[in-house]
Amino acid sequence: MATGIRDKVAILGMGCARFGERWDKDEDQLMLEAYEEAMADAGIETSQIDAAWLGAAFDAQNIGPSGIPLAMALRLNDIGVTKVENYCASGTESFRGAVYAVASGACDIALAMGAEKLKDTGYGGLPVRTRGTTHDMIGITGSAPGNFAQIASAYRAQHGVSREDLKRAIAHVSVKSHANGSKNPKAHLRNEVTIEQVMAAPMIAEPLGLFDCCGVSDGAACAIVTTPEIARALGKTDIVTIKALQVATSNGWELQGSGWNGSYFHTTRVAAAKAYKDAGITDPRAQLSLIEVHDCFSITELVTMEDLHISREGDGWRDVLGGFFDADGQIPCQIDGGLKCFGHPIGASGLRMIYENYLQLLGRAGPRQRKDNPVFALSHNLGGMPNQNVSAIAIVGLADA
Amino acid sequence: MSDQAMNDTGILAYGAYVPITRLQRGAIHAANGWFAGGLRGLAKGEKAIANWDEDPITMAVEAARDCLDGFDRAAIEQVTLASTTLPYADRQNAGVVKEALNLPDAVGAMDVAGSQRAGTASLIALLKGAGERPALHLAAERTTPTPASEREMNAGDAASALLIGRGRPVARLLGTHSVTMDFVDHFREAGQSRDYDWEARWVRDEGFAAIMIPAIAEALKGFGRSGADITHFIAPIAVKGVPEMLAKKLGIAPEAIADTLKDRLGHAGAAQPTLMLADVLGRAKPGELVLVTSFGQGCDVLLFEVTEAIATLRPRLGVAGWLARRVESTNYMKYLFHRGLLCLDRGMRAEHDSKTALTALWRNRKAVLGLVGGRCTRTGTVQFPKTEVSVNPNDHAIRTQEDYPLAEVPASVMTFTADSLTYSPDPPNCYGNIEFVGGGRMMAEFTDFAPDELEVGKELRMMFRIKSLDENRHFRRYFWKAAPAF
């Protein structure tokens, strides 16, 4: 009988490249930037890495298929390198590969890298891409904002929230993330914005305006994982371990079945319940210290507060407006600026979230450090669209927590 | 009813389709008047224009759905589609219609083109060949007249549908007559969109008058009728005064001249005679005589007598019903762009390749073209598309689904957005999750919607449309979209 992942794997080191419009860098250079920081943190040599996973979502825009680009960029030691792609959850997926490798006992030390070079498309937003020959004949290609905006229409209908109230609540989400991002030297967007600016911005996909959408960035993030025993043997004293790691993938029920009402993320609810069980969390609203969620769009963050069982269903917008998730609130959400302002290099985002939680747990987050000592930090990395997605949740904490 | 009446040949049902957008002719003239001031006299009323995602195939499908309301589609023996603007020169256009209507495979199909008489010529052929099983006669036109031309003012987009057969027709065929002569009043080369017209006065005198009048007179004589017997005279000619001139010369009463739909729709080319016929049948009474004519390298003449059966045919939208579904537009620039007559900067997102895997299209043709989903024979769960394993979370039954057509099932909006980022020829691109009455869901594109008209719970009607155009290979993807119910 499986006993879960809790405390079986420790983070030995993490690194994150500066996110943004890195016009002067190729993806291998961004990967190296994250890798050098992680390796310095881990205090190991390349030859000590037994296996590696690469999370990247957009082949055409960057390095191409397979694990080879990672092996070449870092000159890894002829080890097994696996490329994973799970939409925007690819970063957490690469982390899962490395963590599982260590947990299984097959590897002592494994590396997870997430990277994306999005700013070579020639236009803003994510590249348009196929979803397969059959899907393209009967499905909707649309855009990411168009897909996620639909959550708002159903949320309003389900909970009787006026357009104005919801628009203001999601605007608060973005204003908060900009305020947080302004304190983060690695963030893509470091400007503060006002609620009036957000409300008046050009419409991208009704009701999401420009400031309701996250930045599309270049970047990379890296994690090196091992067992807590090896971490201690390597001289680590403050050990951050994985408390839970769950991925839930839509099987078509939301899109094709009946019962889903379009206003929430079914997979997030499933993954969250399993993750809390693994981590031993019984009251997330009281026990979580801080969270990094997949705020690709402001409305996504808002409903995720409910799907993570922190806000009651239909009340998330009130918690948001009340400042519950602000940097000085009870559970800061996106204390690093989130996808919104730290940026969203797809494959890197899941690892970037874990990176921030790791820094916060170790008290290394600088001016944005959470004052109360964090115990449990959750990251939520979502890929796809509301009716068909991959929801990945990682909870990390200090080894003795 | 006598045995003879039971075996009458004629029209069993009729239907029509008119696109929702009505371009104001005044708007055309406002844009082009500086250049073509002579068209001021035509700058009155409005014309029906197909959306960017409509063509003769999609319009014919809608007309057919209207016509077939209450009839057994499985009984149809033949589908004929007449048009001079068919999208495919070599891929049977009527075959696409057949798939969209989800007709059985054991059905004949034929495209008829090449002349303004394509509609009546194919109608005559179906009437003469009428057998035990009915044939579906379709005609549709979506022209691309040269900007600032008289044709641009006169043309309109529409489709007609007639179910032809024996039994109890609503209009019994009394006779047909045709003359053919290569009188070139205008021409359009294959693959071109531009018509070349000769002098209107010559066409009027030597064409309409010198060809049609003797042909119609000869036909009436053959039918044993006179002009005075005609209740509805269908003269599908856009030139002012010509129907009146013909009626006068043929002894047809002025009040018998059927509405050419000029002010509200425009002239739908090869579909115009049957479109006007469908319009007349929408209000005709038993015993009335309907004389249908057409002009194009000769003349076709058909005479029908409306029967008692017209009273019992379930009311359908017909021309009047579709005309009432109307959105006024003065956006001539948008019209030009949708016809490919105006080159706008569409941005990089428009570069997305819409290449279709023809293998996959063939495998999935029922889902793609017919909107056929699946229904689990064990649990009754309806889903789209049909899959090997049921979506029902309580019973993921394997290979239990039977075909379940969804095209005629009403649906409603579950979620929606108006997306300004995605490339669409008609921004914003509106789409969302929809739910069918009785089960089944899909993410669908909304069409014929004003963005502010969308709301959760809004009732929908599925419509067969162009999904995307593969401009690299000149292939068009068809699929179903959701329009407001009406």
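The values are calculated or read from the model by the stated rules, or taken from the named source; none is laboratory data. Just so it is clear, the structure is predicted and the values come from calculations on it, not from any experiment. Here the Cβ positions follow ideal geometry from the backbone for every residue, glycine too, while neighbour counts run over all protein chains shown. Note: accessible area is taken over every heavy atom of the protein model, side chains too, but ligands, DNA and RNA are not part of it. Shrake-Rupley method; radii C 1.70, N 1.55, O 1.52, S 1.80 Å.
Under the definition of partner shielding as Cβ atoms of other protein chains within 10 Å of a residue Cβ, what is the mean value for peptide B:431-438? Before the final figure, lay out each step's value.
Details: counts 8, 10, 11, 0, 3, 1, 0, 0.
Partner-chain Cβ atoms within 10 Å, mean over residues of B:431-438: 4.
Rounded to the nearest 0.05, the FRET efficiency derived from the C-beta distance between A:D26 and B:D72 at R0 = 60 Å is 0.40. Ordering A:G146, A:V84, A:G64 by Cα displacement along the dipole of the protein assembly as shown toward the positive end leaves A:G146 in first place; charges were set at the Cβ atoms of Lys, Arg (+1) and Asp, Glu (-1). Solvent-accessible area per residue in chain B equals 41 Å², computed with a 1.4 angstrom probe and all protein chains kept. Applying a threshold of 25 Å to the alpha-carbon distances of B:K458/B:K481; A:K83/B:K467; A:K8/A:K176; A:K340/B:K467 flags A:K83/B:K467; A:K8/A:K176; A:K340/B:K467 as lying beyond it.
Both numbers refer to the Cα atoms of segment B:261-411; Rg and Dmax are 23.6, 66 Å.
Computed with the Debye formula from one identical point scatterer per Cα of segment A:102-145, without solvent, the log10 of I(q)/I(0) at q = 0.22, 0.28 Å⁻¹ comes to -0.83, -1.07. Could you give log10 I(q)/I(0) at q = 0.17, 0.27 Å⁻¹ for segment A:53-132, computed by the Debye formula over C-alpha point scatterers of equal weight, without solvent? One equal scatterer on each Cα of segment A:53-132 leads to -0.68, -1.32.
Computed with every protein chain present, the accessible area of A:V128 is close to 40 Å² [probe 1.4 Å].
Pairwise over distinct Cα atoms, reciprocal of the mean inverse distance: report the Kirkwood radius of segment B:387-483 in Å, one decimal place.
About 15.0 Å, per the Kirkwood formula over Cα pairs.
Please figure out what share of the DSSP beta bridges in chain A is antiparallel and state it in percent, rounded to the nearest 5. Antiparallel bridges make up about 70 percent of those DSSP assigns within chain A.
What is the gain in length, in nm to one decimal, between A:M1 and A:I79 on full extension, counting 0.36 nm per residue of separation less the C-alpha to C-alpha distance? Please report the intermediate quantities before stating the final value.
Working: separation 78, 0.36 × 78 = 28.08 nm, distance 3.05 nm.
Roughly 25.0 nm would be gained on extension.
The relative contact order of chain B comes to 17 percent, based on Cα pairs under 8 Å that sit 6 or more residues apart. Taking the alpha carbon gyration tensor of the protein assembly as shown, multiplying each eigenvalue by 5 and rooting it gives semi-axes of 65, 26, 23 Å, largest first. Charge dipole (Cα centre; +1 on Lys/Arg Cβ, -1 on Asp/Glu Cβ; no other charges) of chain A amounts to roughly 460 debye.
The residue among B:S354, B:A324, B:V413 whose Cα reaches farthest toward the positive pole of the charge dipole of chain B, with charges on the beta-carbon of Lys, Arg, Asp and Glu, is B:V413.
Partner aspartates and glutamates whose Cα lies under 17 Å from the Cα of B:K366, excluding those fewer than 8 positions away in the same chain, are identified as A:D136, B:E99, B:D105, B:E388, B:E402, B:D403, B:E408. Size estimate for segment B:341-421 follows the Kirkwood approach: the inverse of mean 1/r over distinct Cα pairs works out to 15.7 Å. The accessible area of B:D229, taken with all protein chains in place and a 1.4 Å probe, comes to roughly 70 Å².
Tell me, Kirkwood radius of segment B:211-339 from alpha-carbon pair distances, in Å? Let's see the in-between values first.
Working: mean 1/r = 0.0629 Å⁻¹.
When all Cα pairs of segment B:211-339 are included, the Kirkwood radius is 15.9 Å.
Global dimensions of segment B:289-336 from alpha-carbon coordinates: Rg and Dmax equal 17.6, 48 Å. Taking every DSSP helix (H) stretch of at least 4 residues in the protein assembly as shown, weighting each as -39,500 (n - 2.57) and dividing the sum by the residue count yields a mean residue ellipticity at 222 nm of -8000 deg cm²/dmol. Rounded to the nearest 20, the size of the Cβ-charge dipole of the protein assembly as shown about its Cα centre is 1060 debye, with Lys and Arg at +1 and Asp and Glu at -1. Bridge orientation summary for segment B:3-338: considering DSSP beta bridges with both residues in this region, about 70 percent are antiparallel.
Give the dimensionless ratio obtained when the Cα radius of gyration of segment A:41-190 is divided by 2.2 N^0.38 Å.
Dividing the Cα radius of gyration by 2.2 N^0.38 Å gives 1.35.
Can you work out the FRET efficiency for the pair B:D403 and A:A40, with r the C-beta to C-beta distance and R0 = 45 Å, to the nearest 0.05? Write down the numbers at each step before the final one.
On the way: r = 62 Å, r/R0 = 1.38.
Calculated value: 0.15.
All Cα-Cα distances of segment B:3-338, cut into 20 Å bins from zero to the largest, leave 34, 60, 7, 0 percent in each bin in turn. Each label was represented as a point 7 Å from its Cα along the Cα-to-Cβ direction; for B:E328 and B:D470 these points are 4.2 nm apart.
DSSP H helices in chain A with Cα extent of 15 Å or more along the helix axis and mean Kyte-Doolittle hydropathy at least 0.0? Write out the running numbers ahead of the final one.
Values: long enough: A:27-42 (22 Å, -0.45); A:90-103 (19 Å, 0.30); A:144-159 (23 Å, -0.38); A:163-181 (27 Å, -0.72); A:266-279 (20 Å, -0.61); A:346-361 (24 Å, 0.31).
Helix filter hits for chain A: A:90-103, A:346-361.
Counting only Cβ charges, +1 for Lys and Arg and -1 for Asp and Glu, the dipole size of segment A:92-244 around its Cα centre is about 180 debye.
Let's test the formula: R0 of 41 Å, r as the Cβ-Cβ distance of B:A350 and B:D182. What FRET efficiency results, to the nearest 0.05? Write out the running numbers ahead of the final one.
Numbers: r = 43 Å, r/R0 = 1.05.
The formula returns an efficiency of 0.45 here.
Label positions at A:Q369 and B:A106, each projected 7 Å from the Cα along the C-beta direction, are separated by 8.2 nm. A viscosity of 0.890 mPa s and a temperature of 25 °C, combined with the Kirkwood radius over C-alpha pairs in the Stokes-Einstein formula, give segment B:60-164 a diffusion coefficient of 173 µm²/s. Overall dimensions of segment A:8-113, expressed as equivalent-ellipsoid semi-axes from the Cα gyration tensor (√(5λ), whole Å, largest first), are 21, 16, 13. Take the Cα of B:A253, step 7 Å toward its Cβ, do the same at B:K128, and the gap between the two points is 3.3 nm.
Positive end of the dipole of chain A (Cβ unit charges, origin at the Cα centre): among A:S162, A:A233, A:G105, the Cα lying farthest that way belongs to A:S162. Annotated for segment B:3-338: lysine pairs at least 8 residues apart or interchain, Cα distance under 17 Å, count 10.
Counting only protein heavy atoms, what percent of the accessible surface of the protein assembly as shown is carbon or sulfur at a 1.4 Å probe?
Details: 16800 of 33250 Å².
Carbon-and-sulfur percentage of accessible area, whole number: 51.
Stokes-Einstein D for chain A at 10 °C, 1.306 mPa s, Kirkwood Rh over Cα pairs, in µm²/s? Translational D for this selection: 77 µm²/s.
When every alpha-carbon pair in segment A:198-272 is counted, what percent end up more than 21 Å apart? Write down the numbers at each step before the final one.
Numbers: 1812 of 2775 pairs.
Distances greater than 21 Å cover 65 percent of the Cα pairs.
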